[in-house]
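Chemist: Please see the structure below; I have some questions.
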6 protein chains.
Amino acid sequence: VNVVITNPPRVARQTAEALAACGVATVHEARGHGGLMQAVLRPIYSGAKIAGAAVTVSVAPADNWMIHVAVEQCQAGDILVMAPTSPCDTGYFGELLASSLASRGALGLVLEAGCRDVVKLTKMGVPVWSKAVSAQGTVGETLDSVNVPVICDGQLVHPGDLVIADDDGVVVVPRLAAETALDRSRAREDKEAVTRKRLQAGKLGLDIYGKREKLAEKGLVCRAFGAPTA
Amino acid sequence: VNVVITNPPRVARQTAEALAACGVATVHEARGHGGLMQAVLRPIYSGAKIAGAAVTVSVAPADNWMIHVAVEQCQAGDILVMAPTSPCDTGYFGELLASSLASRGALGLVLEAGCRDVVKLTKMGVPVWSKAVSAQGTVGETLDSVNVPVICDGQLVHPGDLVIADDDGVVVVPRLAAETALDRSRAREDKEAVTRKRLQAGKLGLDIYGKREKLAEKGLVCRAFGAPTA
Amino acid sequence: VNVVITNPPRVARQTAEALAACGVATVHEARGHGGLMQAVLRPIYSGAKIAGAAVTVSVAPADNWMIHVAVEQCQAGDILVMAPTSPCDTGYFGELLASSLASRGALGLVLEAGCRDVVKLTKMGVPVWSKAVSAQGTVGETLDSVNVPVICDGQLVHPGDLVIADDDGVVVVPRLAAETALDRSRAREDKEAVTRKRLQAGKLGLDIYGKREKLAEKGLVCRAFGAPTA
Amino acid sequence: VNVVITNPPRVARQTAEALAACGVATVHEARGHGGLMQAVLRPIYSGAKIAGAAVTVSVAPADNWMIHVAVEQCQAGDILVMAPTSPCDTGYFGELLASSLASRGALGLVLEAGCRDVVKLTKMGVPVWSKAVSAQGTVGETLDSVNVPVICDGQLVHPGDLVIADDDGVVVVPRLAAETALDRSRAREDKEAVTRKRLQAGKLGLDIYGKREKLAEKGLVCRAFGAPTA
Amino acid sequence: VNVVITNPPRVARQTAEALAACGVATVHEARGHGGLMQAVLRPIYSGAKIAGAAVTVSVAPADNWMIHVAVEQCQAGDILVMAPTSPCDTGYFGELLASSLASRGALGLVLEAGCRDVVKLTKMGVPVWSKAVSAQGTVGETLDSVNVPVICDGQLVHPGDLVIADDDGVVVVPRLAAETALDRSRAREDKEAVTRKRLQAGKLGLDIYGKREKLAEKGLVCRAFGAPTA
Amino acid sequence: VNVVITNPPRVARQTAEALAACGVATVHEARGHGGLMQAVLRPIYSGAKIAGAAVTVSVAPADNWMIHVAVEQCQAGDILVMAPTSPCDTGYFGELLASSLASRGALGLVLEAGCRDVVKLTKMGVPVWSKAVSAQGTVGETLDSVNVPVICDGQLVHPGDLVIADDDGVVVVPRLAAETALDRSRAREDKEAVTRKRLQAGKLGLDIYGKREKLAEKGLVCRAFGAPTA
């Protein structure tokens, strides 16, 4: 049956906000390389960086009815995550839905499908990560579900999970793992700040990470250009 | 035989200009979802928005001879629409051809192939919707035709048809349907302006479009998170 | 065996700088249509334009160990060119490696794989031409080689070769052909400057390039719209 | 409005049958390189070779209602040609529809979308040229039209046009051009039979087609391996 | 942490065998259109049709170490399901691993990556559904997990879940839903047998499914070719 | 300048024949994972397995003139390797050229482009590895070169190099490395024969390759389903 789940527990807002600052690449690393969508989704404009609780929606191909249903479930700080039940580049989302989403305080949209009105969305500051830009219209005939687990661009997203999106892509963190992810991301940032300074000063990664010794051990040969190969 | 058709009847310029303001997504909807290219073509820079009469050109793969022939057929307000006879990403069009096109008052280029000199074209303000950015050069050996019907990115374009292109893509409107398309697009804009205000005020699409009742009718279940499924 | 070749002869720096100004499209034409990568690589931001000597690195899929080794071989004016041994979109390169690359005076990176931290790289002004934007992390387990010939996006690159990259793509010029390429590119620019003026003045390419006569010879028919086909 | 056009004039059946024997590659050449679909569609099994009159159907994405409508318009010797209004790989067509199509004497299906039950269709001998194999189901909610012009894989198809499909792809010939296409295809076959024998006997294409002289004229250099470049 | 889960509960073998006979398309429909992989995976040879319990394995890109670990967890009737942690077409699986898999009675392999030795696998009768055919070798350096939930080609697979694969693709059924899926698939087959006979007898789907009345209701117009549009 | 190099030194025929029996996957492994094309090229029919000396040809997009020139350079046991100068799926090669190639004793064709007449080629037993099947015709206007180094599907091929092609893909071995590749491939086959028997007898790869110990060392945890995570 098709269902709308109301009021799922959500990741805490301050945790989400703190993780937005860390960014997708850092959080993905801090999580041990997990949760990253497959790089098929791209932002419609550069520089957006959001993090919030997922409101999930599963939709029929080229049918945007359930997005309207999902918008009603959105609260301030949420990110709408949409997955069609079969691959589809149709333009499900445009300026009017963005107005509605923004009026509820939602932060943006992640969808494995197409998006339209990209200039207007850019002006409105409603960021979207989509698989395509397409003005192709939708119908409104087929039911599906809201706030059920969905798979979006290769990642499983539960309602209330933390979603972080910036120019590097989109990463998902299970709700209960968000605090730990924040701690580890901050620890990583601190460590990277030290590393960055050393690299900027000309020190090499091979030495900083202690990877020079293993090179010889594994048999890497170093030879001046033109020298005989012996 | 290969042919150049001169002076095909063109969509009226004021109609084209009025429709440019409406944009691709609106016109596509106003036309009942018809005429949209398949989202393979992307603008080389953001923010361009043009509408004009198509001058069409069919070209051999990697051969730009006929573009030179087509430029001669261009007038102020025209948009050149180019389709290769087999799939090809070669860079057919660059700064010099753009200079020539601009000197005739043409507005831009839509081509199911590659484009180069994109920084220069951006500075010149000659917008191009292309399938690829490629510096790959062409030859000039094989004849083809100008101002014959072509299929570009999945849409049939007749010379003189109205072409509208912006960041959402490219839509084609048959010449004789342009006036009606303008009327319907304006009606749609008026209606959307009302809807937009209501959405911004927090009213939901489900209620505005009267789609809430059908949800229950079709069997959608609403359930609080954690509630028993009965 | 895996090897690092040190100090390969490099294309002269002033030659590289002069060719950067010519740009990819011009150099590719001046070289007789050779050396262009296949348009799969795209710049992470618009407007960058670099030319320098290639430091090449072959890497295992999703393994960035050898980039650290390659950075040590980079000098001021170099461009790092990276090719994985099998197709891979993983995000090999980000802000920390960019800091290291920049500290050595290298100009940028060309890689047939993924790149991350694109906003930071844009702010730092470290241009990258990549196949994908991906935050996906790498491991550091498998050796490969530095400054050996690699094939990147369909072109063979030797260490020390001239690499030119801008918004139109990436072109490779063998080290010993760089001087000639510069001469021919300048000659081409001079010729194009004249052509550009004529085109801007409304003269047509058909006449400038003397291609009008051949049209009739090859059998092109010119016919007014609606005229009988005879 | 959505419309079903009944009884369009069809290409003569004996013409179609004669052209099936010629095959796609020959007819495409005989037509001067026109009418070929873009090689996105592939047969679900090898060795099928059909030619017949097109019954065309435009469908909404992931909605197969109109195929049922189109089947009713099919007669013996027809080929159903289906194009979705936006790109879609859903499995529109399977064994049950194939049973229905076969019961009317139709020869097969060409669709720019997905197909399922491929093993059963192979056993039934109902050939299909599709963009994808997919079991993904469809809905039946949205009207569209039958026997209107459609664009399928880059080619315009009118109802009644001749469609030829084999392992090389699909080619479309306008109804009124079919007789001429047959004459030219047969002439081409006769000529190729002569050429084939000469080639099999070791004579070279360069000599048969008289293209050897132009090589030197255009400046081709012939040099033994290792000889100085002069 | 990386983990191997031993002896997860598995779908009953006789249920799996019964569902193999139903095939992917029928089970997918019987499940209400759920569980179907995205059609990116294709069988390496035609005609294979298997169903069994999933043994799942997550692997690093281009690293096949964990497949060896996973094979040890396989029992008679199992199907190995492999997902790389980032997109990768490398040839993870060939004849030697197939020998090992077969010696344990496993039925085949589903992997969102590449496969090699396809001729030998065909002769051995070890069916594989893969994203690519590639001889590209792997390394064995990085740990990952066995019998944890994985996402393969867009579907979530838990260890012990039912996997069905044939020429139409791959469908996943949660372990506890397998019995119901079997009942519904059989009911569907019975119903389709009746429908098939009626279709073969020339009855139309429009009538069988009662969809003719709605056509007029929704406004479909029927018109003889050449008749005035009124 | 465009050039035809005649009589390049070729890999010895008996070496090639011996390596054909080893197959692409074994030779690729024996070479340390080098020389494999990128899996974009697929055989037009299953089961072909050839190895021979490369005759290389570079061609303009959609222009097959130089293939005719290259055929003249082919001898018994050669394999023609064709690379277009820019990406192109056009059907360069069909039955007539195949007749000519076969009359010279050449074994087959590897081309990063399209091929047609696939049913006829299959009947003739002329195997082709191509990027696409397309009936799209070519022109014959532009010169290029024969027996110069070309890059085909990501690999550098010199004339006279050993090319091996089977259902797993295409691998290139430099002429002077062919003998060593044969020795190593045979050694690998001997070793694999022993391994195969052990695997068939139920022994596991983890034990045969001694990779079980490292699992625990790297921290892999083994846990029965449902057991507490501690």
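Chemist: Using the Cα gyration tensor of segment B:62-145, with a ≥ b ≥ c the square roots of its eigenvalues, what is the shape: rounded (a/c below 1.5), prolate (a/b larger than b/c) or oblate (neither)?
Modeler: oblate
Chemist: Can you give the alpha-carbon Rg of segment F:46-94 over 2.2 N^0.38 Å, where N counts its residues?
Modeler: Its radius of gyration relative to the 2.2 N^0.38 Å reference: 1.21.
Chemist: OK, next. Let me know the mean shielding of F:49-57 by other chains, meaning the per-residue number of their Cβ atoms within 10 Å of its Cβ.
Modeler: Partner Cβ neighbours, averaged per residue: 0.
Chemist: Could you work out the relative contact order of chain C? I mean the mean sequence separation of Cα pairs under 8 Å and 6+ apart, divided by the number of residues, in percent. Could the numbers behind the result be given before it?
Modeler: Working: 496 pairs, mean separation 65.0, N = 230.
It rounds to 28 percent for chain C.
Chemist: Related question: Please report the equivalent ellipsoid semi-axes of segment B:84-124, computed as sqrt(5 x eigenvalue) of the Cα gyration tensor, largest first, in whole Å. Spell out each step's value before the answer.
Modeler: Numbers: eigenvalues 74, 29, 11 Å².
Computed over segment B:84-124, the values are 19, 12, 7 Å.
Chemist: For segment C:100-158, report the % of Cα-Cα distances exceeding 20 Å.
Modeler: Values: 627 of 1711 pairs.
The calculated P(r) of segment C:100-158 puts 37 percent of pairs beyond 20 Å.
Chemist: In units of 2.2 N^0.38 Å, what is the alpha-carbon radius of gyration of segment D:9-133?
Modeler: Compactness ratio reported: 1.01.
Chemist: If you build a Gaussian network model of chain E, linking Cα atoms that sit under 10 Å apart, which residue out of E:R42, E:R198, E:R116 swings the most?
Modeler: Ranking E:R42, E:R198, E:R116 by mean-square fluctuation puts E:R198 first.
Chemist: What's log10 of I(q)/I(0) for chain E at q = 0.09, 0.11, 0.12 Å⁻¹, Debye sum over Cα points only, no solvent?
Modeler: Values returned for q = 0.09, 0.11, 0.12 Å⁻¹ are -0.43, -0.59, -0.66.
Chemist: Taking the rotation that carries E onto C, look along its axis and tell me which residue of E has the beta carbon nearest to it, distance in whole angstrom.
Modeler: Closest Cβ to the E-to-C rotation axis, residue and whole-Å distance: E:E141, 2.
Chemist: Treating cross-link reach as a plain straight distance, find the aspartates and glutamates whose alpha-carbon is under 19 Å from the alpha-carbon of B:K214, omitting any fewer than eight places away in the same chain.
Modeler: A:D63, A:E72, A:E141, A:D144, D:E141, E:E217
Chemist: Looking only at B:L143, B:L41, B:L162, which one moves most when chain B is put into a Gaussian network model with springs between Cα atoms under 10 Å?
Modeler: It is B:L143.
Chemist: When each pair of different Cα atoms in segment F:148-201 is counted once in the 1/r mean, what is the Kirkwood radius in angstroms, to one decimal?
Modeler: After inverting the mean inverse Cα-Cα distance, the result is 13.1 Å.
Chemist: Which value, in square angstrom to the nearest 100, describes the accessible area buried between chains F and B on both sides, using a 1.4 angstrom probe? Before the final figure, lay out each step's value.
Modeler: On the way: alone 11930 and 11920 Å², together 23110 Å².
So the total buried area for this chain pair works out to about 700 Å².
Chemist: For D:A216, place a label point 7 Å from Cα along the Cα-to-Cβ direction in every copy; what are the distances to the other copies, in nm, shortest first?
Modeler: Once sorted, the set of distances for D:A216 reads 3.3, 6.4, 7.9, 7.9, 9.1 nm.
Chemist: For peptide D:28-40, what's the mean number of Cβ atoms from other chains within 10 Å of each residue's Cβ?
Modeler: 5
Chemist: Top mean-square fluctuation among E:Y45, E:Y209, E:Y92, Gaussian network model of chain E, C-alpha springs under 10 Å?
Modeler: Comparing E:Y45, E:Y209, E:Y92 in a Gaussian network model of chain E, the most mobile one is E:Y209.
Chemist: What does the convex hull of the alpha-carbon atoms of segment C:95-230 project to on average, in nm²?
Modeler: 15.7 nm²
Chemist: With every protein chain kept in the model, how would you rank B:H158, B:H68 by accessible area, 1.4 Å probe, largest at the top?
Modeler: B:H158, B:H68
Chemist: With every protein chain left in place, what is the accessible area per residue of segment E:12-99 in square angstrom, probe 1.4 Å?
Modeler: Value for segment E:12-99: 25 Å² per residue.
Chemist: Quick one: give the max-minus-min coordinate of the C-alpha atoms of segment C:1-75 along each principal axis, largest first, in Å.
Modeler: 38, 28, 24
Chemist: For segment F:92-106, list whatever residues lose no less than 30 Å² of accessible surface once every protein chain is in place, relative to that chain by itself, with the probe at 1.4 Å.
Modeler: F:E95, F:L96, F:S99, F:S100, F:S103
Chemist: Let me ask you something else. Could you tell me what percent of the accessible area of chain A is made up of carbon and sulfur, with a 1.4 Å probe and every protein chain present?
Modeler: Looking at chain A in its full context, I get 51 percent from C and S.
Chemist: May I ask you to find the residues of segment B:157-201 that are shielded by at least 50 Å² of accessible area once the whole protein assembly is considered instead of their isolated chain (probe 1.4 Å)?
Modeler: Buried-area filter returns B:D168, B:R196, B:L199.
Chemist: Using 7 Å Cα-to-Cβ label points, what is the D:V3/F:T6 separation (nm, one decimal)?
Modeler: 6.6 nm
Chemist: Thinking of segment F:165-227 as a set of Cα atoms, what percent of all their pairs are more than 13 Å apart?
Modeler: I get 77 percent for the Cα pairs in segment F:165-227 exceeding 13 Å.
Chemist: Return the calculated 222 nm mean residue ellipticity for chain C, to the nearest 500 deg cm²/dmol, obtained by summing -39500 (n - 2.57) across DSSP H runs with n ≥ 4 and dividing by the residue count.
Modeler: Computed mean residue ellipticity for chain C: -9500 deg cm²/dmol.
Chemist: Semi-axes of the equivalent ellipsoid of the protein assembly as shown: what are they in whole Å, largest first, if each equals the square root of 5 times a C-alpha gyration tensor eigenvalue? Write down the numbers at each step before the final one.
Modeler: Working: eigenvalues 347, 346, 249 Å².
Sorted largest first and rounded, they come to 42, 42, 35 Å.
The values are calculated or read from the model by the stated rules, or taken from the named source; none is laboratory data. Please read all numbers here as calculations on a predicted model, not as lab measurements. In this analysis, Cβ positions are derived from the backbone assuming ideal geometry, glycine residues included, and neighbour counts consider all displayed protein chains. These area figures cover heavy atoms from the full protein model, side chains too; ligands, DNA and RNA do not enter into them. Shrake-Rupley method; radii C 1.70, N 1.55, O 1.52, S 1.80 Å.
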